[in-house]
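Here the structure comes first, spelled out in structure tokens, and everything after it is commentary.
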Amino acid sequence: MREITYVKAFTESLMQLMAEDEDVVVIGEDVAHYGGVFHAFDGLLKAYGEKRVIDTPISEMGFIGMGVGAAARGLRPVCDLMFLDFIGVCLDQLYNQAAKLKFMFGGDVSVPLTLTTAGGAGLSAGPQHSQSLEAWLAHVPGLKVALPSSPHDVKGLMVAAVRDDNPTVVVLNKRMLGVKGPVPEEIYEIPLGQAATVRPGRDATVIAVGRMVVEAVTAAEELAGSGTEVEVIDVRTVQPLDSATILDSVRRTNRALVVHEAVTFGGIGAEIASQIQEEAFDYLDAPVLRLGAPFSPVPFSPVLERAYIPDSNRIAAGVRRLLERSGG
């Protein structure tokens with residue numbers, strides 16, 4: 001299978017979706033003539049014109065509101081928010097309007113809005129352009145939230161999001177934009193709410209979010225050298241969360257570590273750990289561990305930023321702690 005970059009897989013998904021359905025439109029700052037801050041929308045303006053690829057003023061509340069209205073009237077808008085950090089500027093449009101309209105109108109209104117944005121640290125972009133805030137969004141009934149960890153998943157999850165009749169946020173990881181991987185040329189869909197077992201194992205389960213999947217696989221391969229086989233689960237979407245896949249894995253391995261790039265306190269890892277404790281407590285040989293960022297803004301300094309973000313070494317150390325605490 002051919003290999004393309006994470007960002008090219010994203011662009012290809014939109015190219016194919018817009019060819020498939022003339023109601024798909026792209027809205028946002030610099031998405032048309034410039035192609036987006038990360039050039040994720042390159043070529044769309046030439047292919048589909050200004051009526052379907054629309055540059056907007058720097059007004060997140062304005063163009064997200066425009067997207068909500070367009071979705072409620074029958075279009076399938078893809079609204080691009082440059083950085084996840086800016087979500088606070090348009091949060092009311094997202095969690096009070098997009099997420100609630102179906103409920104407010106008794107199911108007579110659908111809001112097939114896709115919000116794309118970039119999250120995560122690692123590019124020395126500073127504390128206002130590097131955050132991981134997916135737990136905020138996962139807490140809102142009516143919203144779906146996806147965090148693709150590979151080029152393959154970017155395309156499949158984007159297709160699912162745009163075809164879905166509910167508002168969905170797709171969070172791209174900035175450090176993965178240039179990463180290559182196998183991606184089918186044809187259009188395909190990865191169902192929202194379906195986790196993936198990216199590496200099988202028997203001794204412990206690592207449940208990873210977004211780019212942490214890559215770090216978890218690296219850690220698992222290192223641990224395999226000493227005879228420890230780690231199963232790695234990519235949650236793919238934090239809302240809806242595929243609890244069944246997670247719990248099935250933990251019941252077999254008897255140990256669980258949850259890892260995400262977001263701050264540990266109040267992160268999605270707390271919800272996952274709680275579900276494991278409630279539904280699989282009798283299978284656990286050690287307490288569920290969580291690994292995330294410290295309770296601090298993301299540092300600008302590259303050295304401090306590397307220390308801030310969880311990596312494969314810390315994931316491997318977490319698995320070793322699990323084994324030690326269970327006598328494994």
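The values are calculated or read from the model by the stated rules, or taken from the named source; none is laboratory data. The shown structure was predicted, so the numbers you read here are calculated from the model rather than taken from an experiment. All Cβ positions, even for glycine, are placed from backbone atoms using ideal geometry, and neighbour counts span all protein chains on display.
Listed by first and then second residue, the pairs linking a residue in region 84-108 that is more than 26 Å from Pro57 (Cα to Cα) and among the charged types (D, E, K, R) to a residue that is buried (at least 21 other Cβ atoms within 10 Å of the Cβ) and at pLDDT 95 or above, with Cβ atoms under 7 Å apart and 6 or more places separating them unless they lie on different chains, are Lys102/Val111. Screening Asn173 on (1) buried (at least 22 other Cβ atoms within 10 Å of the Cβ); (2) touching a Ser or Thr at 6+ places or on another chain (Cβ under 6 Å) shows it passes everything except condition (2).
For (1) within 16 Å of Ala40 (Cα to Cα); (2) of a type in the set (A, V, I, L, M); (3) in contact with a helix residue (DSSP H, G or I) (Cβ under 8 Å, 6 or more places away or on another chain), each residue gets a yes or a no:
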position	(1), (2), (3)
His129	no, no, yes
Ser132	no, no, yes
Leu137	no, yes, yes
Ala161	no, yes, no
Thr205	no, no, yes
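Among the candidates Ser124, Ser149, the residue that is within 12 Å of the chain's Cα centre (by Cα) and in contact (Cβ under 8 Å) with a residue 12 or more places away in the chain is uniquely Ser149.
Please work out if Leu84 is of a type in the set (A, V, I, L, M), over 30 Å from Phe300 (Cβ atoms) and buried (at least 17 other Cβ atoms within 10 Å of the Cβ). No; evaluated as a whole, the condition is false for this residue. In the condition set (1) more than 30 Å from Ser296 (Cβ to Cβ); (2) surrounded by fewer than 19 Cβ atoms within 10 Å (Cβ to Cβ), Gly126 is compliant with all but (1).
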